[in-house]
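The values are calculated or read from the model by the stated rules, or taken from the named source; none is laboratory data. Fair warning: this is a prediction, and the values are worked out from it, not measured in the lab. Note that we place each Cβ from the backbone using ideal geometry, even for glycine, and neighbour counts take in every protein chain shown.
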């Protein structure tokens, strides 16, 4: 009985995509983007019962795909028993309305589908706020289609002045809701900025994991830190940022942050709404760009992630390209280079090389040392608090400080170091 009820609630969708010469390449549908759309539909809990990919010079202003193709899709919808149609391309509100009328079933686009998945997955209050804001921003221009019957009343007796239509009332309500959500997210951003200042004061470097959805970011975080973040083989498994401490060496501890996965045609509203979370990338000391080496489309996925990194203002942040799932890589030459490492987060292969690379970028020859400062050099203690990682201070005959210092600081303070580091000798001193 329960199984039947569940099956009845599963959406059966026909997927439609347009590859038009006049559209920018990233806005066109392709075989691989249609496959990804089907995976998104499955993630949302639906099933694909038919797929149509059309090649056309330019989109039709009214139905996007033209009357002939619309009739063909309608026939497919009826024959397959579909209850909705999902477009891989972005539709304008008027095209969405026209297609819904012509096809006789609800029509949505890729953006709406991604928003639906995010709404299902968001766990934290912040995540839910961000998704809700993106949904309202997406919905606002589409309201008119939902209240189409009211358009005919426009200008009629009783609909002017205080007799405000439902459409206008809803618009005002949604605009108020959007303002409230933006205020709440601004508060989140302020809290995050305060936390960031505290981290900077404590000299804890931040390493942010970025990458295409399902590249294995959560699996990598789990492997490196022993965390137990759910890591399933499905799109957008992680929406809420997770941060864990990772000890690289006895002188270098970092905060490792997992972020939401990127995907082609990620709704602009969603990127905007998630900026409170994604701005962490801009302030990170190092990015780990996780790339699914087993995916034949990895080059185009890298392009998409690169674009979004630039858009979020993190283009100049140092990064390491982490080619994950290297045990499943099918190419002839394994990707390699000074900023590249191949790993398998699932098996643990390559983890030592990755940790060593992170340490080289962030440790920068730091040493834990004990310094003995005379009281008349108390100003040096302030300098250490500002520029080094001070672990312990004891006051006796002198001020004894245990701190992790960079090579520059070690050079400046070498005459006060009593243990933990010996200044390198010049060849002529032997």
- Note on the structure: When region 384-406 is checked residue by residue, the ones that are modelled with pLDDT under 90 and exposed (fewer than 15 other Cβ atoms within 10 Å of the Cβ) are 386, 391
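To keep it simple, each residue is scored yes or no on (1) at negative phi; (2) modelled with pLDDT under 90; (3) in the same structural domain as residue 254 (by TED's automatic domain parsing).
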site	(1), (2), (3)
333	yes, yes, yes
379	yes, yes, no
408	yes, yes, no
420	no, yes, no
- If a residue has to be at pLDDT below 85, assigned to a helix (DSSP H, G or I) and within 20 Å of the chain's Cα centre (by Cα) to count, how many in region 196-236 make the cut? 1
- Item | All positions within region 242-284 that are touching a strand residue (DSSP E or B) at 6+ places or on another chain (Cβ under 7 Å), buried (at least 17 other Cβ atoms within 10 Å of the Cβ) and in a loop (DSSP other than H, G, I, E, B) | 251, 259, 261, 263, 284
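Take the conditions assigned to a strand (DSSP E or B) and modelled with pLDDT of 85 or more and apply them to residue 302. Does it pass? Even if it seems obvious, please write down each step before you answer.
Details: assigned to a strand (DSSP E or B): no; modelled with pLDDT of 85 or more: yes.
No, not satisfied.
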- Task: Look at region 169-192 and say how many of its residues are at pLDDT below 90 and out of contact with any helix residue (DSSP H, G or I) (no Cβ under 9 Å at 6 or more places or on another chain).
- Result: 6
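Specify which of the listed residues (330, 347) is more than 30 Å from residue 392 (Cβ to Cβ) and touching a residue at least 24 places away in the same chain (Cβ under 8 Å).
Result: 330 is the single residue among 330, 347 that is more than 30 Å from residue 392 (Cβ to Cβ) and touching a residue at least 24 places away in the same chain (Cβ under 8 Å).
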- Within the set of pairs 6 or more residues apart or between chains, which connect a residue that is under 14 Å from residue 264 (Cβ atoms) inside region 307-318 to a residue that is surrounded by fewer than 17 Cβ atoms within 10 Å (Cβ to Cβ) with Cβ atoms less than 8 Å apart? 308/271; 311/271
- Message: Yes or no: region 75-97 includes at least one residue that is buried (at least 21 other Cβ atoms within 10 Å of the Cβ) and either modelled with pLDDT under 90 or on the phi > 0 side of the Ramachandran plot (or both).
- Response: no
- Query: Do the conditions hold for residue 384, that is, is it in contact (Cβ under 8 Å) with a residue 24 or more places away in the chain and over 30 Å from residue 413 (Cβ atoms)?
  - Reply: no
